[in-house]
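Encoded as C-alpha cells, the structure appears first; notes follow it.
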Amino acid sequence: MSDTLRGWQHRTPDTGHRTPDTGHRTPDTGAGAGAGVPAPVFGLAPEWLLSRGAPVADALVLSHPEQYERLRIACPEAAPTAVLAGDPCFDRILAARPYRERFRRALGVRSGQQLVLLNSTWNSESLFGDGGGGGDVVAALLDRVSAEFPVDEYRFAAVLHPNIWHGHGPGQIRAWLDRARRGGLALIDPLKGWRQALLAADAVIGDHGSVTYYAAALGTPVLLGAAPLDALDPDAPISAFMREAPQLDPDASLSAQIDKLIRRHRPLSGPAEFTTSVPGESAVRLRRLFYSMMDAPEPGWPASLKPLPLPDYEAATATVPFHVLSQVLGPGEVAVSRRAGPRPMVGPDHGAELHVAVHEDTRDVDQLDLADVIFRDGAPDDPRFGSPSVWTAEVLRRHQGCSLAAYVTGPSACVVRVRGEEPLRVVAAPGADAGGMSGLDPTAYASALYAWLATGSPGAAAADERLMQAMADGLSVRTGTRLHRVRVEPLTPPE
C-alpha cells in the first residue's frame, strides 16, 4: 500500500520506510509547474513514473481501484502497468489480530488499562513536528499525560517514523523522550514493533501518516493531534478521513477527550474501504505477479506472508516519583490514584491523602529521603540484593523518613516491610485479577497498604490493629472503576 496514492503530496522521495507517508504538499517550482497548479501527488506524477515518456516499471502495484483512477488521470502512460495486488503490510496486521492480548502483555499492559499510542510521521507538520501550528505538540502532550492520567489506568507508547530516528539520531530521540520514558512511556521500535503496538492499542493520537490511517482502518479510535489539510489533495481518501476524524482540542482536558473518544467511537468506513480492496489476498496476487514476470511456474505450496513476531517483553516500569492520592472508602477498602507527574492539588473537599512513592533506581535521588514508600522489582533470589527481606530492611535503615519498602517479586506479588515490623507478602487474591498481567501493579498494593495503615487514629497501637485487620481480612484496592482484592500474609517460608 502506498500512502501517496491516497493523496500524499511531496517533492522528495521517502527513504528507508515501508510507505512514503510524507503527508506534505508544497508548490512545484520546477519545470512544468505553472501558477496555481498544485504539486503532483508523490508516486503518481510522470516525473517519478516515466523515463523519456515510457514507464520505468514493468508493474506498478496498487491496493485499491481508486488508486488506479488517480493514476490514470495523473499519468495515463503508466496506467497499463498497474496491477491490483492488495496491501501485504495490512494483511500481516489483519492476520495477527488473534494475538492482540499477547501484544498487549508484551507491552506490559494490564487488564483494565487503556493503551494509548502516539504516532507521528516525519515532516514539520506532523505530530512530532509542530503540527502545523508552530508549537511542540508531542512535548505538550507528554506533559499532560503525566499530569492527567493515572498510571494504573493508562499505558502510553509512541511510534515515530523511521525518518525521525534517521534524521535526528536514536540518541537524540531517546534524550528528548527520556523523562517520558522514565514516566512509563514505551518507545516502539520503528521497524519491528509498530504493527503489534497498533493492534494492541485502545486509541491512537496521530496525524496524516500511514500508521494513523492503518489504525482507523482497523477500527481503532483515532484522535488527530495534527491534521494539515492544506498539505493534502482534497479529493483523496486521506483528506476525507482528516475532515471526518475527531481532532485534539489543545485547550480541553486530554483525559476527558480520550475517554470520550473511546466511549463514543464509531469506526469511519473510508480507511477500511480504501486501504485495500482485496484484504487477505496480497500474498497470492503478488506471488502470481512475480512469477509471471519471471515467466516461471509458481511453487506448489500456498503463498503466504511472514507472521508478525511476538515482541520482547517491555515492563511498564516508571522511575520518576509517583504522587499517590489515596482515600479509605471503608473497612479494608482503599482507592489509589498514582501519577508520574507534578504534585496534584489536594484540598479538604477531596477527602484524600497524598503520599510519595519512589523507585529505588530513580534519577530524582533527592526524592528518596522524602518518600513514604520506596520500591523496586527483581527476582526474589537475585544475590545482589540478598533477598527481598534483606533489601527491605536495608532500605528502611538508609532512609529514615520512609515508612514502607516494597520488593516486587512477580507480576502480582511483592514483599513489603513496614517500619518496625517483620516482612510481609502482599499478593493478588485468587480470582479474575490474580494471575499474570491480569492484576494490578504490585507497587500499587504497597501504596494501598501504606494508606490503610496511615489512616484513622494515630499511634503505634492503632497502626498495629489496622495491620492485623489487613492480614486477617485482606485489602480491596480500587483504581478507577476496578476493584482488586489483595491478601496480606506473613512471608513464608521464613528467609
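The values are calculated or read from the model by the stated rules, or taken from the named source; none is laboratory data. Predicted model only: the values in this text are computed from it and were never measured. As a convention, Cβ positions derive from the backbone with ideal geometry for all residues, glycine included, and neighbour counts pool all protein chains shown. These area figures cover heavy atoms from the full protein model, side chains too; ligands, DNA and RNA do not enter into them. Shrake-Rupley method; radii C 1.70, N 1.55, O 1.52, S 1.80 Å.
Taking residues in the range 100-116 that are surrounded by fewer than 20 Cβ atoms within 10 Å (Cβ to Cβ), and partners anywhere that are of a type in the set (F, W, Y), the pairs with Cβ atoms closer than 6 Å and at least 6 places apart or on different chains are Q114/Y154.
The set of residues from the range 352-383 being open to solvent by less than 80 Å² (accessible area, probe 1.4 Å), hydrophobic (A, V, I, L, M, F, W, C) and over 25 Å from the mean Cα position of the chain (by Cα) comprises A352, L354, V356, L368, A371, V373, I374, A379. If you go through the range 180-221 and keep only what is farther than 30 Å from P321 by Cβ, in contact with a Gly (Cβ under 6 Å, 6 or more places away or on another chain) and not in a loop (DSSP other than H, G, I, E, B), you end up with just T212. Tallying residues that are farther than 24 Å from P388 by Cβ, touching a residue at least 60 places away in the same chain (Cβ under 8 Å) and among the aliphatic types (A, V, I, L, M) within the range 449-482 yields 0.
Hey, can you tell me all the residues within the range 49-75 that are in contact (Cβ under 8 Å) with a residue 40 or more places away in the chain and open to solvent by less than 30 Å² (accessible area, probe 1.4 Å)? A59, L62, S63, H64, Q67, L71, listed by residue number.
Being open to solvent by 20 Å² or more (accessible area, probe 1.4 Å) and either assigned to a helix (DSSP H, G or I) or out of contact with any Pro (no Cβ under 9 Å at 6 or more places or on another chain) (or both) is the requirement here; does E125 meet it?
Values: open to solvent by 20 Å² or more (accessible area, probe 1.4 Å): yes; either assigned to a helix (DSSP H, G or I) or out of contact with any Pro (no Cβ under 9 Å at 6 or more places or on another chain) (or both): no.
Spelling it out, it is not the case that E125 is open to solvent by 20 Å² or more (accessible area, probe 1.4 Å) and either assigned to a helix (DSSP H, G or I) or out of contact with any Pro (no Cβ under 9 Å at 6 or more places or on another chain) (or both).
If you go through the range 384-435 and keep only what is more than 18 Å from T317 (Cα to Cα), in a loop (DSSP other than H, G, I, E, B) and open to solvent by 40 Å² or more (accessible area, probe 1.4 Å), you end up with G386, Q400, G401, S403, R419, G420, E421, E422, P430, G431, A432, G435. Cβ-Cβ contacts under 8 Å between residues 6 or more apart (or on different chains), taken from a first residue in the range 398-422 that is over 12 Å from F375 (Cβ atoms) and without any contact (Cβ under 8 Å) to a residue 24 or more places away in the chain to a second residue that is part of a loop (DSSP other than H, G, I, E, B) and of a type outside the set (A, V, I, L, M), are listed as R419/C402; R419/S403. Go through the range 315-383 and tell me which strands (runs of 3 or more DSSP E), entirely inside it, have 3 or more residues that are acidic (D, E). Those strands (runs of 3 or more DSSP E) do not exist here; none qualify.
Selection of first residues in the range 374-396 that are under 17 Å from E422 (Cβ atoms) and touching a residue at least 40 places away in the same chain (Cβ under 8 Å) and of second residues that are of a type in the set (A, V, I, L, M) and not in a strand (DSSP E or B), restricted to Cβ pairs under 7 Å at least 6 apart or on distinct chains, gives the following pairs, ordered by first then second residue: S389/L491.
The condition of being touching a Gly at 6+ places or on another chain (Cβ under 7 Å) and modelled with pLDDT of 95 or more holds for only one of D91, D21, that being D91. Close contacts from the range 157-179, counting a first residue that is more than 17 Å from V145 (Cβ to Cβ) and outside any helix (DSSP H, G or I) and a second that is open to solvent by less than 60 Å² (accessible area, probe 1.4 Å) and not aromatic (F, W, Y), with Cβ to Cβ under 7 Å and a gap of 6+ residues or different chains, come to H161/H17; H161/S120; H161/T121; H161/P190; H161/G209.
When the range 133-167 is filtered for residues that are in contact with a strand residue (DSSP E or B) (Cβ under 6 Å, 6 or more places away or on another chain) and among the basic types (K, R), only R155 remains.
Pairing residues of the range 260-281 that are within 21 Å of V116 (Cβ to Cβ) with residues that are open to solvent by 80 Å² or more (accessible area, probe 1.4 Å) and in a helix (DSSP H, G or I), at Cβ distances under 6 Å and at least 6 apart in sequence or on separate chains, gives L268/E244.
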